[in-house]
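Written out below as structure tokens is the structure these notes cover.
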Amino acid sequence: MADIPSKSATEGDNATAERSIPLPLPAHGFENLDRIPTGDLGDVGSAEVITRAAVLLMSAAAERLGVVSDSEPTIDLDEARPIITALAGLLDASRENLGERGEALVAGLQSLQDAFRSASRYPDASGEGPGEKYMR
């Protein structure tokens, strides 16, 4: 294992200036996300930020369940499951802060869970589907 130099040894007197430079992110395959404006997120309320994240997760899950495709639907339950679970966790953790938006988002989540169950050859037992442990 190689020794990792301390910050003081590598940064010297410019430590503050160098820490303010953002690190470039590796290619992630989500080019659409790169176009989402994030510079003004400091001015956006928490409910709006959470809602935007939830809508993104809902859209991704719906695509993987083939419910919004204009062409022949491609169903990928292995990809849809963790997305739906992440959405459920997000909504469970923030439901009391979302107000009326929360109700609509939970209804959307339940629709995705129903679509997942319908698309499954061997549906999960009740309460064992994606995200069902969070939204009880």
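Taking other C-beta atoms within 10 angstrom as a stand-in for reagent exposure, S111, S126 fall in the order S126, S111, fewest first. Rounded to the nearest 20, the Cβ-based charge dipole of the stretch 45-136 about its Cα centre (Lys and Arg +1, Asp and Glu -1) stands at 200 debye.
Can you sort I84, I50 by how many other beta carbons sit within 10 Å, fewest first?
Working: I84 27, I50 20.
In increasing order of surrounding Cβ atoms, one gets I50, I84.
For D124 and V44, calculate 0.36 nm times their separation in residues minus their Cα-Cα distance, and state this gained length in nm to one decimal. Walk me through the intermediate numbers first.
Numbers: separation 80, 0.36 × 80 = 28.80 nm, distance 3.80 nm.
Extra length available between D124 and V44 comes to 25.0 nm.
The simple spin-label model puts a point 7 Å past each Cα toward its Cβ; for K133 and D78 those points are separated by 2.1 nm. Using only the C-alpha atoms, the convex hull of the stretch 45-136 corresponds to 84 Å³ per residue.
Quick one: order S118, S59 by neighbouring beta-carbon count within 10 Å, fewest to most.
Numbers: S118 10, S59 13.
The order, fewest Cβ neighbours first, is S118, S59.
Bear in mind these aren't lab numbers, they're just calculated from the coordinates by the rules spelled out. Predicted, not measured: the structure shown is a model, and the values here were computed from it. FYI the Cβ positions are ideal-geometry reconstructions off the backbone, even for glycines, and counts take in every protein chain you see.
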